[in-house]
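I have placed the structure first, in the form of structure tokens, so that the comments after it can refer back to it.
The values are calculated or read from the model by the stated rules, or taken from the named source; none is laboratory data. Keep in mind the model is a prediction, meaning the values are calculated, not measured. Every residue, glycine as well, gets a Cβ built from its backbone with ideal geometry; the counts of neighbours run over all protein chains shown. Protein only, heavy atoms only, side chains kept; ligands, DNA and RNA dropped before computing areas. Shrake-Rupley method; radii C 1.70, N 1.55, O 1.52, S 1.80 Å.
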Amino acid sequence: MAEPGPADRPAHWPVDSSAELFQGKLLRLREDVVRVPDGAQVARELVEHPGAVAILALDDEDRVLLIRQYRHPVGAELWEIPAGLRDVAGEPVLQTAERELLEETGYRASEWHVLADYFSSPGYSTERLRIFLARGLTEAPPAERHFVRQAEEAYLTIAWVPLQEAVQRFLAGDMHNGVAGIGILSAYAARQDGYAALRPAGAPETL
């Protein structure tokens, strides 16, 4: 019998102690002392993060909706896809994505699928992301856009870029945002069978 294909699975090694090192407005840093299978102990610092969603919005002409936003930690204006934190308690992930798409771009979508699930930096962070593919886009009337952009978001630039060009830009090193890269390349791959292999928007997160 053939071996099953690669699939991540839950695992929980014993934690002998845990200590908080820092608590910020968004992030919490802690140190866990983990017991590995041979009985040894190793200290691991990790960042607790609420998680995020992102949206690869694609129009009927196969153009990707990109936003350019200033990112202070890296000192650059990056081309990204709409995204936001899972920072509203009890809000379903799809609803978070719908809200972020509307707030950042002024668009709504009638067709939603899961494009990718991943951990951004599993070596030190709990941050998980779900990227949705959003199609059937319509621009919301101004009267329905109640969100007021502030700080960096007040200076967003929006652009429509053909999916093929977005792939080329990322591979050429012109775009550096990881969420955008995963979303763009996943959409390009999923397009080969007309997006038939994508999961429904309400599919559970398996880890």
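Please go through region 163-188 and pick out each residue that is under 27 Å from Pro92 (Cα atoms) and either out of contact with any strand residue (DSSP E or B) (no Cβ under 6 Å at 6 or more places or on another chain) or among the aliphatic types (A, V, I, L, M) (or both).
Gly178, Val179, Ala180, Gly181, Ile182, Ile184, Leu185, Ala187, Tyr188
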For region 83-113, give me the residue count where each residue is within 23 Å of Ala196 (Cα to Cα) and without any contact (Cβ under 8 Å) to a residue 40 or more places away in the chain. 5
Here is a list of conditions, (1) under 18 Å from the mean Cα position of the chain (by Cα); (2) touching a residue at least 24 places away in the same chain (Cβ under 8 Å); (3) assigned to a loop (DSSP other than H, G, I, E, B), and Ala116 meets all of them except one; can you say which number that is? (3)
Failed item, numbered, when Tyr70 is tested on (1) in contact with a Pro (Cβ under 8 Å, 6 or more places away or on another chain); (2) touching a residue at least 60 places away in the same chain (Cβ under 8 Å); (3) of a type in the set (Phe, Trp, Tyr): (1)
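Among the residues of region 96-111, is there at least one that is more than 22 Å from Leu58 (Cα to Cα), out of contact with any helix residue (DSSP H, G or I) (no Cβ under 7 Å at 6 or more places or on another chain) and of a type outside the set (S, T, N, Q)?
no
Could you please let me know if Phe170 is open to solvent by 20 Å² or more (accessible area, probe 1.4 Å), of a type in the set (Phe, Trp, Tyr) and within 17 Å of the chain's Cα centre (by Cα)? Spell out the reasoning first.
Values: open to solvent by 20 Å² or more (accessible area, probe 1.4 Å): yes; of a type in the set (Phe, Trp, Tyr): yes; within 17 Å of the chain's Cα centre (by Cα): yes.
Answer is yes for this residue.
Listed here are the residues, each with its yes/no results for (1) at positive phi; (2) surrounded by 12 or more Cβ atoms within 10 Å (Cβ to Cβ); (3) under 21 Å from the mean Cα position of the chain (by Cα).
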{"position": "Ala143", "(1), (2), (3)": "no, no, no"}
{"position": "His146", "(1), (2), (3)": "no, no, no"}
{"position": "Arg149", "(1), (2), (3)": "no, yes, yes"}
{"position": "Gln164", "(1), (2), (3)": "no, yes, yes"}
{"position": "Met175", "(1), (2), (3)": "no, yes, yes"}
{"position": "Gly178", "(1), (2), (3)": "no, yes, yes"}
{"position": "Ser186", "(1), (2), (3)": "no, yes, yes"}
{"position": "Gln192", "(1), (2), (3)": "no, no, no"}
{"position": "Glu205", "(1), (2), (3)": "no, no, yes"}
